[in-house]
Each structure stands twice: as C-alpha cells, then as structure tokens.
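**Q** Let me begin by handing over the structure; questions about it come next.
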Amino acid sequence: MTQPTQSTDPGPPGSFLAEIKDALTTRAALLVLGVLALQLAFITSYIGAFHHPKPSGIPLAVAAPSAPLAQRTAQQLDGLAGEPLDTRVATNEVDAVRLVQNRDVDGALVVDPEGTTDRLLVAGGAGAALSQAIEEVVGLAEKSRGRTVRVTDVAPSAAGDGRGLSSFYLVVGWCVGGYLCAAILAISAGARPANSARAVIRLGALLAYAIVAGLLGAVIAGPVLDALPGSLMGLWGLGTLVVFAVGAITLAFQGLAGVVGIGLAILLVVVLGNPSAGGAYPYPLLPPFWSTIGPALPPGAGTYAARSIAYFKGNGAGTPMLVLAAWAVAGSAVTIACAVFRKGRPGAAVGSGLPDDSPAVARFADDGTPGR
C-alpha cells in the first residue's frame, strides 16, 4: 500500500495561501530585512552617540598679563586627566575674546595674577552643553589650584533658543524636506530618471523646492518664532544649500539603487548624520567616531554653519558651506551620470519604480499597459 504524498500545491487561484505566496515575495522580504537593519542602526547610532557624553580636546585659549604665566596655566590645563581640554595661549583678553567669537576656540580663561578669581569666557550660542562642560572642567581645575572663576558669555544664545538647539532642529527640518522631496519625485515618476534631461528636470524641481523651503524655514526660525538672530539672507542661503544637497544625495542613491536608495539616504543623513551633527552635544562631547564623521555630513555641516550665522557673524561658516556644496555637486553629478549610463530602453522604468528588466516594465514599454 502506497503512502500518500504531501501536496505542494499552493491552492486554487484566489485562495488565501496563494495570496500569501504572491504577496510575500523575496524582494519584499529583503526590503523588510533592510528596514529592520536600518532601525537597529538608528538605535545603535543615537544611543552610542548620546549615552555617555565626555569632554575631549575642547579648544580653550588662555590669556594672562605675562606669557610665562599663560603658558604655565595652559600646560596645567592640558595635563588634566582624560585630556578634556586642548589649550592655546592668547596674547591678551581682547585676543581671547576674538578667538572665541571667531570660533577658533570654544572658550577662554583670562588669568588674574593679582587675585584668586579668573574670568572664563564661553559661547552659549555654540551649544549649552558645550559651555556647561567648559565651566565644569575649568571650574574643577581652578578649584584644585585654590582659585575660582567668573563666567562671561561672549556669544549668548537668544532668549527663544532653548539650550541653543534651534539651529540643529532647523537643519534637521531642512534635511527631512530634502530627502522627502527627492523620494516623492521618485514615487511619482520612477526611482531612476529615464534620461539625462529628466534627471536635470528633477534637479531643477529640487532646486526650486530648496529655495522656497530655505526661505520659509529661515523666516519661521527668525522673525516668526524669534528663535534665531543673525542674517535672514544668510540662513536662507544655508537652508537652500542644505535642502538641495540632501535631496541631490537622495536622487543619486536612487539612481544607483532604485527605491532602496531612499533607505541609503536615510542611513547617511538620519542614522549617521543627526546624532553626529553636534546638536544636543557638540563635537568635543561626542565619542570619536561621531565627532569625526559629523563635520563631513550635511546635518553637522548645516548645524555648525547655522550657529555661526546666528551668533558669530558668519565666522567659521565657510568650511561647512563648502562641505554642503561638495555634497550638492557630487549628488547632482551622480544623478545625471546614472541617467546617462542607465541600461535598458529609455523611459522603461519611468513611473514604475521597478527594475528595468522586469516583465511588468517590459510590458508597459511595449503596449503602454501597466503590468501586474
């Protein structure tokens, strides 16, 4: 007597089992795994960056009436356990103030040899966490020498800018707009542009959006909410550059990897870029990995430049703006290059978001009927 064999038939068409097998494709499973990996990377990156802020190498100027006294004090501060400070000698108090306001250093200690109270200069506009860390480190060092400090904020944050975070949140908003705009362009017209002309059109649409988004963001943060002082035109230009750079990066990733490119853009800008941006904790308080990559990514470059425009008369904004410009140029170039060297029939994937060689795309290109 023969044993009955187990059926591998998924069931009649339209059955629940058949629908499951049709819905849970290999591509869908891989995308879900990609989302899981992105989620875990998000958790790891944010907790890793923020769970244990520790001052390291904070640039600090030391000024005193005599050069030997300034050098001796600087050496003592450099020798603190854990090397929380990186000191340099200023010529005098005026020079120390200039160094702080030019963003060459994050703070300055002005030594008074005729008394026991020295003056500590900080810049609240660079971030409350950073100025507080300087006060704590220098205060403890001075106490160990039998001295005290009197703190003066030479670049204070605005009354409406709680803990100096408005610049960071403004840039985060601009970044979100940049990659969402690029993602919507992909959803509405296919992840990969059909040809170089379409790529240029997408970049043009992104630029128009960036100009509007940059202006409105600057107006909200400045005149409307009175959170950020400084040049409205400067913030507008920065916002335009941030939005366009992030959007161009997203378009470039989409040109290289299709709809998966949106996830890659989120990985770069959100997962890696936001915690390393120096928002909640400026660079000297972040672990080495995040403090190293932060200045090279759009959120970090944008946040540093926004604070420079708002509180330091634009001092120190040049290098971050060049970083953003480099991302914008690179993203635009890759987007156009992907369209120029794209394989497959021109126009095949427009509006589908599917790979060029999929049967559904081929059917769409042949008879204009969307495939299943």
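The values are calculated or read from the model by the stated rules, or taken from the named source; none is laboratory data. Quantities reported herein were computed from a predicted structural model and do not represent experimental measurements. Glycine also receives a Cβ, built like all others from the backbone with ideal geometry; neighbour counts cover every protein chain displayed.
**Q** For residues in region 165-206 being touching a Pro at 6+ places or on another chain (Cβ under 8 Å) and assigned to a loop (DSSP other than H, G, I, E, B), which is surrounded by the fewest Cβ atoms within 10 Å (Cβ to Cβ)?
**A** Ranking the qualifying residues of region 165-206, first place goes to N195.
**Q** Can you tell me which residues in region 182-198 are under 13 Å from A252 (Cα atoms) and at pLDDT 90 or above?
**A** A182, A183
**Q** Moving on to the next point. Which condition breaks for G314 when tested against (1) more than 16 Å from the chain's Cα centre (by Cα); (2) part of a helix (DSSP H, G or I)?
**A** (2)
**Q** Take the residues in region 18-70 that are in a helix (DSSP H, G or I), touching a residue at least 24 places away in the same chain (Cβ under 8 Å) and more than 33 Å from the chain's Cα centre (by Cα), then tell me which one is nearest to G273 (Cα to Cα). Break it down into steps so the answer makes sense when it comes.
**A** Filtering region 18-70 for residues in a helix (DSSP H, G or I) gives 18-23, 26-50, 67-70.
Okay, now just the ones that are also touching a residue at least 24 places away in the same chain (Cβ under 8 Å), so 31, 34-35, 38, 41-42, 45-46, 48-50, 69-70.
Filter again for more than 33 Å from the chain's Cα centre (by Cα), leaving 69-70.
On the way: L69: 41, A70: 38 Å.
Result: A70.
**Q** So if I check each of I309, I249, which one is within 15 Å of the chain's Cα centre (by Cα), of a type in the set (A, V, I, L, M, F, W, C) and part of a helix (DSSP H, G or I)? I'd like the intermediate steps shown before the answer.
**A** Numbers: I309 fails: within 15 Å of the chain's Cα centre (by Cα).
Every option except I249 fails the conditions.
**Q** Picking from V271, V246, V323, V329, which residue would you name as being in contact with a Cys (Cβ under 7 Å, 6 or more places away or on another chain) and either modelled with pLDDT of 95 or more or within 17 Å of L165 (Cα to Cα) (or both)?
**A** Details: V271 fails: in contact with a Cys (Cβ under 7 Å, 6 or more places away or on another chain); V323 fails: in contact with a Cys (Cβ under 7 Å, 6 or more places away or on another chain); V329 fails: in contact with a Cys (Cβ under 7 Å, 6 or more places away or on another chain).
Just a single option satisfies the conditions, and that option is V246.
**Q** Here's something else I'd like to know. Go through S15, S7, S56, S45 for me and flag whichever is surrounded by 12 or more Cβ atoms within 10 Å (Cβ to Cβ), at pLDDT below 90 and not aliphatic (A, V, I, L, M). Don't jump to the end; show me each part of the working.
**A** Details: S7 fails: surrounded by 12 or more Cβ atoms within 10 Å (Cβ to Cβ); S56 fails: at pLDDT below 90; S45 fails: at pLDDT below 90.
Among S15, S7, S56, S45, only S15 is surrounded by 12 or more Cβ atoms within 10 Å (Cβ to Cβ), at pLDDT below 90 and not aliphatic (A, V, I, L, M).
**Q** Given the conditions (1) part of a strand (DSSP E or B); (2) within 20 Å of A317 (Cα to Cα); (3) not aliphatic (A, V, I, L, M), and given that D118 satisfies all but one, which numbered condition is not satisfied?
**A** The failed condition is (2).
**Q** How many residues, within region 266-294, are over 22 Å from A182 (Cβ atoms) and assigned to a helix (DSSP H, G or I)?
**A** Here the count works out to 9.
**Q** I've got another one for you. Going by the conditions given, is V100 within 24 Å of G82 (Cβ to Cβ) and part of a loop (DSSP other than H, G, I, E, B)? Lay out the reasoning, then the answer.
**A** Details: within 24 Å of G82 (Cβ to Cβ): yes; part of a loop (DSSP other than H, G, I, E, B): no.
In short, no.
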